[in-house]
Amino acid sequence: MAKGEHKQSFIAGIIAENPLFVSLLGMCPALAVTKSLESAIGMGILFTIVLVCSNVLVSLLRKVIPEEVRTPCFIVIIATFVTLTKMFTEAFLPELYSSLGVFLSLLVVNCIILGRSEAFASKNGVLDSFLDGIGNGIGFLMAICLIALFREVLGTGQLTFGNTFTFIADAHNGEPIKLWILKGEGYDVSFSIFSTPAGGFLVLGITLAIMAAINNMKANKKKVDARIKAQKAKEEAAKKREVAQ
Amino acid sequence: MKIDWKSSFKIALIITAIASVGAITIALTNVLTEPIIKQNRAQREQNGLKKVFGDNATFGDKVELKEDKYQYLQAYYPVNIDSSSARVYSTKGTNAYGDVALLVGLNADFTIYNIAVMENTESYAVTLKENYLDYLINPKDKKTHEQAFEDTSVKCGATYGAKLVKDMINQAKEHYKEGK
């Protein structure tokens, strides 16, 4: 595979084929763990680790795994990595483990991870599968962080760092760092609905609507530009004809 | 239908090999992480005990409980606070939506002293927290925890999560009353 194609494997998942905003996959964790930015960052990183590891192993074993039992084998591989990630998280980041709850275990049946194994890793080489995993992982991480940023700021009026990643609080005299944005002394313009599951749907819907509007605007601009170009070409052709006559 | 034994055997062998390697890796990782996880849990429980009774209380040795009648009770700690005795029950329950683990502090007269949430993995965790547990742990209008507990039965006693929490607390009370 050419160098440009390697780059394409990496970039595609970040924006053009973003698993959450474009393919609309992985909605369950995207809505469940985006109440706080810290949890979303944690979930995004763990998701990327599982995706990259499973992509690489599936790619390595793609010629060994029989066609008939492809999916069960992929699920066993993914489940192994999810279990390992879960154990390490519970041991070394217990607060993150508690905040993600059942949604960390549910990565076993996450359609992005299984989908990338099926659609990409089982048909491509190790390097490309690795890059595809990193690209899709970053794309998912960015998408859930964007939703979490809006939800936490609008829902609580502040951003808190140190509740989930306690090392931040430890480095800050044991207190979490709070950035007051919509809330402060004498004012509070936050809307608690954004912290609820309904708020998750709302933010996701609005984000998708904005992205669709931007895409529509781009498509319309292209059409208008093409029409203007065609019009100009016609006018020039008419002028040329007049001159010739 | 004719069974191709050779390919069937090959498939079984490959699946077994993948699953075995996965299982061995998980087992080895478990050996590495289990002591740390146990240590974290013990630390969390000690912090939880202090959350329930404060720094002035002294806690006795943990008494493990394994009785069918008290399915939600895992253990209790005898407590000495201001020269009177009390107990903290470590409770854990599971319903269709996830797990809930609480430390329930009871006074000698079997009323609730305080409660700490150790785990809430329900898929409606926020609902249980905001509608039930927050009210129970931080009672409003100068009510006691016991009064809040009575109130919450009316407030949202119909949800599965709330029922589970109520059952866990009631079992702790019953066990304490039985003088076990």
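Remarks
- Restricting attention to the range B:36-92, the residues being in a strand (DSSP E or B) and either in contact with a Pro (Cβ under 6 Å, 6 or more places away or on another chain) or not aliphatic (A, V, I, L, M) (or both) number 15.
- Candidates B:K140, B:K50, filtered to the one that is in contact with a helix residue (DSSP H, G or I) (Cβ under 9 Å, 6 or more places away or on another chain), more than 20 Å from B:N170 (Cα to Cα), without any contact (Cβ under 8 Å) to a residue 40 or more places away in the chain and away from chain A (no Cβ under 14 Å): B:K140
- Applying the condition of being touching a Lys or Arg at 6+ places or on another chain (Cβ under 8 Å) and within 30 Å of A:I168 (Cβ to Cβ) to the range A:63-104 and asking which residue is nearest to the other protein chains (Cβ to nearest Cβ) yields A:P94.
- So A:V76, is it assigned to a helix (DSSP H, G or I), over 21 Å from the mean Cα position of the chain (by Cα) and surrounded by fewer than 23 Cβ atoms within 10 Å (Cβ to Cβ): yes
- Checklist (1) in a helix (DSSP H, G or I); (2) away from chain B (no Cβ under 12 Å); (3) more than 20 Å from A:T89 (Cβ to Cβ) applied to A:I49, failing item: (3)
- In the set (1) at pLDDT below 95; (2) part of a helix (DSSP H, G or I); (3) within 13 Å of chain B (Cβ to nearest Cβ); (4) surrounded by 17 or more Cβ atoms within 10 Å (Cβ to Cβ), A:R116 fails one condition alone, (3).
- Checked against the criteria, A:E5 does not count as within 14 Å of chain B (Cβ to nearest Cβ) and either at negative phi or buried (at least 21 other Cβ atoms within 10 Å of the Cβ) (or both).
- Residues in the range A:1-22 that are assigned to a loop (DSSP other than H, G, I, E, B) and in contact (Cβ under 8 Å) with a residue 40 or more places away in the chain: 9 in all.
Residue by residue, here is whether (1) modelled with pLDDT of 80 or more; (2) touching a Ser or Thr at 6+ places or on another chain (Cβ under 6 Å); (3) farther than 24 Å from A:S36 by Cβ; (4) surrounded by 15 or more Cβ atoms within 10 Å (Cβ to Cβ) holds:
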| site | (1), (2), (3), (4) |
| --- | --- |
| B:E122 | no, no, no, yes |
| B:A125 | no, no, no, yes |
| B:K129 | no, no, no, yes |
| B:D151 | no, no, yes, yes |
| B:A162 | yes, no, yes, yes |
| B:D167 | yes, no, yes, yes |
| B:K173 | yes, no, yes, yes |
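- Residues of the range B:1-42 that turn out to be surrounded by fewer than 16 Cβ atoms within 10 Å (Cβ to Cβ), closer than 20 Å to B:A101 by Cβ and at pLDDT 90 or above, as a count: 4
The values are calculated or read from the model by the stated rules, or taken from the named source; none is laboratory data. This one's a predicted model, so the numbers in the text were calculated from it and none came from an experiment. Quick reminder, even Gly has a Cβ in these numbers, built from the backbone with ideal geometry, and neighbours come from all protein chains shown.
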